[in-house]
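These notes are about the structure you will find just below.
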Amino acid sequence: MTSPVTPYQPAEMLEVLERHRVQYVVIGGFAAELRGSPYVTRDVDVTPRRTRDNLGRLAAALRELDARLRVPDLDSPLEIALDERTFDQGTTWTFVTRFGFLDVALLPDGTRGYDDLRRDASLERITETLAITVASLADVIRSKEAAGREKDRAVLPILRQVLERSRMVQRTNRENGR
């Protein structure tokens, strides 16, 4: 867990969530990347549905992933008890797993959480056997705008361009009957 190079295997990480039947929406940089952003991220951000059963399934998946809590100013991630009650203690969690960084945001900035993000999300195939629910690029932009972090402000212009290009393609396809 404390090696200088943290792996980044998003498909493997998400396969564990799927195997545990966790209901979630992929958000953040990985969602933007899947929607056409040229910026590459090194973590996966998810917003889970906030029911006790689902949070219990998420905790079980995190245990399988050997998740440890990433804490600023600490050299090593912390081992914490993971169950459905864990998520009563906050709304944003950053974990180090055997497949890379996984951020859990129960209430991402600028959104009302899972149900809000799920409305415009779509199912996207990322491997031959894995399809995941991914937030719309408009929702990713909305959240990054609300967060107001420097790293988010830096990518917003390109994300807006990608969104506009995507909308133009959709309009053209509709006009051409595709």
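The values are calculated or read from the model by the stated rules, or taken from the named source; none is laboratory data. Just so we're clear, the structure is a prediction, and the values are computed from it rather than from any experiment. Don't worry about glycine lacking a Cβ; one is built from the backbone with ideal geometry, like all the others, and counts go over all protein chains shown.
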Just checking, which of Ala32, Ala11, Ala60, Ala67 is in contact (Cβ under 8 Å) with a residue 40 or more places away in the chain and crowded, with 20+ Cβ neighbours inside 10 Å?
-> Ala32
Selection over segment 115-132 where residues are of a type outside the set (Asp, Glu) and farther than 23 Å from Arg50 by Cβ yields a count of 5
Selected residue [surrounded by 15 or more Cβ atoms within 10 Å (Cβ to Cβ) and on the phi > 0 side of the Ramachandran plot] from Gly110, Gly148 = Gly110
Can you tell me which of Asp152, Asp139 is within 15 Å of the chain's Cα centre (by Cα) and without any contact (Cβ under 8 Å) to a residue 12 or more places away in the chain?
-> Asp152
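Does Leu123 qualify as being among the aliphatic types (A, V, I, L, M) and closer than 24 Å to Glu164 by Cβ? Steps first, please.
On the way: among the aliphatic types (A, V, I, L, M): yes; closer than 24 Å to Glu164 by Cβ: yes.
Spelling it out, Leu123 is indeed among the aliphatic types (A, V, I, L, M) and closer than 24 Å to Glu164 by Cβ.
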Just give me the residues in segment 89-140 being closer than 19 Å to Ala59 by Cβ and of a type in the set (D, E, K, R), in sequence order.
-> Arg98, Asp103
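Yes or no, residue by residue, for (1) outside any helix (DSSP H, G or I); (2) under 23 Å from Glu12 (Cβ atoms); (3) charged (D, E, K, R):
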| position | (1), (2), (3) |
| --- | --- |
| Asn54 | no, yes, no |
| Arg63 | no, yes, yes |
| Leu74 | yes, no, no |
| Ile80 | yes, yes, no |
| Asp109 | yes, no, yes |
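Could you tell me which of the residues Asp103, Asp66, Asp75, Asp43 is over 30 Å from Leu159 (Cβ atoms) and at pLDDT 95 or above? Talk me through it step by step, then tell me what you get.
Working: Asp103 fails: over 30 Å from Leu159 (Cβ atoms); Asp75 fails: at pLDDT 95 or above; Asp43 fails: over 30 Å from Leu159 (Cβ atoms).
Residue meeting the stated conditions: Asp66.
Any residue at all in segment 39-46 that's surrounded by fewer than 16 Cβ atoms within 10 Å (Cβ to Cβ) and among the basic types (Lys, Arg)?
From segment 39-46, those surrounded by fewer than 16 Cβ atoms within 10 Å (Cβ to Cβ) are 39-40, 42; that's our starting set.
Still in the list and also among the basic types (Lys, Arg): 42.
Yes, segment 39-46 has at least one match.
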Mind checking which residues of segment 88-107 are surrounded by 20 or more Cβ atoms within 10 Å (Cβ to Cβ) and either in contact with a Pro (Cβ under 6 Å, 6 or more places away or on another chain) or not in a strand (DSSP E or B) (or both)?
-> Val96, Phe99
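Modelled with pLDDT of 95 or more, part of a loop (DSSP other than H, G, I, E, B) and farther than 11 Å from Ile27 by Cα, is that true of Arg178? Reasoning before the result, please.
Numbers: modelled with pLDDT of 95 or more: no; part of a loop (DSSP other than H, G, I, E, B): yes; farther than 11 Å from Ile27 by Cα: yes.
Here the answer is no, as Arg178 does not meet what is asked.
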When segment 126-141 is examined, which residues are found to be surrounded by 19 or more Cβ atoms within 10 Å (Cβ to Cβ) and in a helix (DSSP H, G or I)?
-> Leu137, Asp139, Val140, Ile141
What is the one condition in (1) hydrophobic (A, V, I, L, M, F, W, C); (2) at pLDDT below 95; (3) surrounded by 18 or more Cβ atoms within 10 Å (Cβ to Cβ) that Met168 does not satisfy?
-> (3)
Flagged in segment 29-44 as in contact with a Pro (Cβ under 8 Å, 6 or more places away or on another chain) and either within 12 Å of Val104 (Cβ to Cβ) or assigned to a loop (DSSP other than H, G, I, E, B) (or both), in numbering order, are Val44
